[in-house]
Amino acid sequence: MKNLLEIKDLHAKIGDKEILKGINLTIKQGEVHAIMGRNGSGKSTLSAVLAGNENYIVTQGSIQFTDQKGTTYNLLEMSPEERSWAGVFLGFQYPVEIPGVTNVNFMKTAVNEHRKQRGLEALSAAEYLKMMREKMAIVQMDPSFSSRGVNVGFSGGEKKRNEIFQMAMLNPSLAILDETDSGLDVDALRIVANGVNRLKTKDNAFVVITHYQRLLDYIVPDIVHILYKGKIVKTAGKELALEIEQKGYDEFE
Amino acid sequence: MDKLKIIDIDKEIFSCSVPLENAQKAYILNGVLMSGKEDIRGVQMVSEKKSITIETKENNFLQIINVRENAVLRRGEEYCIEIKANALKEEKSTIVLCSHTLGDERFSTKGKINIVVEKECGLELIIMQNENGVSVHNVDIDIEIKYGGSLKLNIITLHGGHITNTINSVLLEEQAECDLGGLYLSDREQVINTNVNVLHKVGGGISRQLFKGILDGNSKTNFNGKIVVSPQAQKTEAYQANNNLLISDRAKATSNPHLIIYADDVKCSHGATIGTIGDEELFYMRSRGISLYEAKLLQQQAFAGAVLEKIEKKELKERLIGLVERRLRGESIHCQGCSTRCC
Ligand SMILES: Nc1ncnc2c1ncn2[C@@H]1O[C@H](COP(=O)(O)OP(=O)(O)O)[C@@H](O)[C@H]1O
Ligand SMILES: [Mg+2]
């Protein structure tokens, strides 16, 4: 299987504070990676840097991304929207509320911008609606959510389901899910995990960021990494997640 | 002769095509009622020199196209429109007043709009201003609301040179309601001023104000809003909000809210904000593949939406939402079929 993502010696800072201190990570098509680590270890920073958040400054290293067609990009030179068009998706730990912009308008604009990039015509209202209903069903989201402001007044679980719905709509080749499990009860967790499992193919890849083993009962990773103080300190198979659950992080730090 | 010529070309120039099935249309040029008088059924329209009186009856839907031009002999032109809302609230009338300029010369106009809402009557008035970028336009709107009367006024300023809208609204008798809204979009060197004075003379009245501005380029806007609640105006509710969104860091918004309350049993609030589009929201949208340009546009539309959503007449609301979008996209925004070249 081909490499989708290759991160080499990645350093990043916010303000004067260096947070990522030399990350190396390679992700291949068809793989599910889990990144685990304590609060503050830099998990969200890594996902933000991958998605192109300009608050973080990359001081060293490179990120190569290869899309479905086999075109390789230097991700660090791309704007957030270009990364999305190329097939990168970030499920936010804290999805942003956008009052006044309806969910339907938001996703329709996004889907049509993706289509425009591929030289396709915008979807008609009926086509969009059909697609939206299908994808909402994957995460058991009520269609009434579509007319509400993006994430406005959504519960924690509803926000996370909305992230997975958006992922389903955009069909990325690399999805980074930042603590999609936090704040979810068991039912919601199962719904979210099922959504991910249904979208998994041999061509795409997932990076599941979590600090609990719980989610990994539902989304089984191929590879587990431990992030500590901005570095990956251990990489192993799925059994590592169980080990962390039993022994805690101390052992590995 | 001058007049005739204008009537001649009136079909071309003023044929605003807001697709409003039952709207009756009237045209005013430099303060003089040019046509429409005969077509208007159920509405009393009287034109006397520079004063036009409109008396609404049940469920009228009236579109008044108010055009000014720089006729050399008519500098400092004035116009005066008197509106008497005489239809009960349940069958209230809607008036949309479209304010345009002809040509791109600089000139100034003073306008006066007097509104009286009769006992238990209602009116929805929408003023749409789309004028050239150099002219001066001062509009004084005086409102009197009698017992149980209700007025909804929204001013949508799409484009203009130096516009000052001054609203003086008096809740004259009890149970009066006054809902004032405004959306001003400014760009380049434009200046848009909004002065609002609401006076609660007696109790039991409700007034609401929501004025929002989106400022681009070098433009400047001023909002001065005042609510006065008289000592005898107990059980008054009065709310005011002014929010400004700066698109350019050269634009300048000022906001001066005043609340003067002499009664003690009242509910009043006011709030003013001046801000920019949030980075977090932009990043979230961009991470979904919405380009920076479209993301900013969505945010501006969302911001403007709160005022546009207040417009009750559905076909009018949709039309204005479309015009605002085109204006924010920087597309020319004269209504289809219109050639006033106001921007
Ligand atoms: N905007 C910020 N300003 C300053 N420090 C930050 C900012 N965002 C994150 N940090 C710091 O960076 C470190 C890593 O944070 P984060 O990536 O959110 O960790 P995690 O997701 O693993 O909990 C923490 O020490 C956090 O305090
Ligand atoms: Mg985090």
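The values are calculated or read from the model by the stated rules, or taken from the named source; none is laboratory data. Remember, predicted model here, so these are calculated numbers, not experimental data. Virtual Cβ from ideal backbone geometry, glycine too; neighbours counted across all protein chains shown. Protein only, heavy atoms only, side chains kept; ligands, DNA and RNA dropped before computing areas. Shrake-Rupley method; radii C 1.70, N 1.55, O 1.52, S 1.80 Å.
At-a-glance table
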| read-out | value |
| --- | --- |
| Condition check for A:Tyr249: surrounded by 15 or more Cβ atoms within 10 Å (Cβ to Cβ) and more than 25 Å from A:Gln29 (Cα to Cα) | yes |
| Scan of the range A:129-150 for residues that are open to solvent by 50 Å² or more (accessible area, probe 1.4 Å) and without any contact (Cβ under 8 Å) to a residue 40 or more places away in the chain, ordered by number | A:Leu129, A:Lys130, A:Arg133, A:Glu134, A:Ala137, A:Asp142, A:Pro143, A:Ser144 |
| Options A:Ser155, A:Ser173, A:Ser147, A:Ser182: the member that is within 14 Å of another protein chain (Cβ to nearest Cβ) and modelled with pLDDT under 95 | A:Ser147 |
| Of all residues in the range A:1-12 being in contact with a Ser or Thr (Cβ under 8 Å, 6 or more places away or on another chain) and open to solvent by 80 Å² or more (accessible area, probe 1.4 Å), the one that is nearest to ligand 2 (Cβ to nearest atom) | A:Lys8 |
| Failed criterion for A:Ser41 (all others in (1) within 16 Å of ligand 2 (Cβ to nearest atom); (2) surrounded by fewer than 19 Cβ atoms within 10 Å (Cβ to Cβ); (3) among the hydroxyl-bearing types (Ser, Thr, Tyr) hold) | (2) |
| Only listed residue being within 16 Å of ligand 1 (Cβ to nearest atom), open to solvent by 50 Å² or more (accessible area, probe 1.4 Å) and at negative phi, chosen from A:Tyr56, A:Tyr73 | A:Tyr56 |
| Residue tally, condition within 14 Å of ligand 2 (Cβ to nearest atom) and either away from chain B (no Cβ under 14 Å) or open to solvent by less than 60 Å² (accessible area, probe 1.4 Å) (or both), over the range A:13-33 | 2 |
| Contacts under 9 angstrom Cβ, first residue in the range B:57-77 being at pLDDT below 65, partner outside any strand (DSSP E or B), 6 or more apart | B:Ala71/B:Asp2; B:Ala71/B:Asn30; B:Ala71/B:Phe107; B:Arg74/B:Asn30; B:Arg74/B:Gly31; B:Arg74/B:Phe107; B:Arg75/B:Phe107; B:Gly76/B:Phe107 |
| Check on B:Lys267, within 19 Å of the chain's Cα centre (by Cα) and more than 30 Å from A:Glu81 (Cα to Cα) | no |
| Qualifying positions in the range A:12-52 - over 24 Å from A:Ser182 (Cβ atoms), within 16 Å of ligand 1 (Cβ to nearest atom) and touching a residue at least 60 places away in the same chain (Cβ under 8 Å) | A:Glu18, A:Lys21, A:Gly22 |
| Hits in the range A:192-212 - residues which are without any contact (Cβ under 8 Å) to a residue 60 or more places away in the chain and surrounded by fewer than 20 Cβ atoms within 10 Å (Cβ to Cβ) | A:Asn194, A:Asn197, A:Tyr212 |
| Filtered residue count, the range A:199-241, keeping only those that are among the small types (Gly, Ala, Ser) and touching a Pro at 6+ places or on another chain (Cβ under 9 Å) | 2 |
| Contacts under 6 angstrom Cβ, first residue in the range A:175-186 being under 10 Å from A:Gly157 (Cα atoms), partner at pLDDT below 95 and within 13 Å of ligand 1 (Cβ to nearest atom), 6 or more apart | A:Asp181/A:Thr210 |
| Count of residues meeting criterion [in a strand (DSSP E or B), open to solvent by less than 10 Å² (accessible area, probe 1.4 Å) and under 15 Å from B:Asp187 (Cβ atoms)] in the range B:160-171 | 1 |
| Qualifying positions in the range A:44-70 - among the hydroxyl-bearing types (Ser, Thr, Tyr) and either over 21 Å from A:Leu170 (Cβ atoms) or more than 16 Å from ligand 2 (Cβ to nearest atom) (or both) | A:Thr45, A:Tyr56, A:Thr59, A:Ser62, A:Thr66 |
| Tally, over the range A:158-170, of residues that are more than 11 Å from chain B (Cβ to nearest Cβ) and either within 16 Å of ligand 1 (Cβ to nearest atom) or among the small types (Gly, Ala, Ser) (or both) | 2 |
| Criterion: more than 7 Å from every other protein chain (Cβ to nearest Cβ) and closer than 15 Å to A:Ile176 by Cβ - qualifying residue of A:Arg83, A:Arg115 | A:Arg83 |
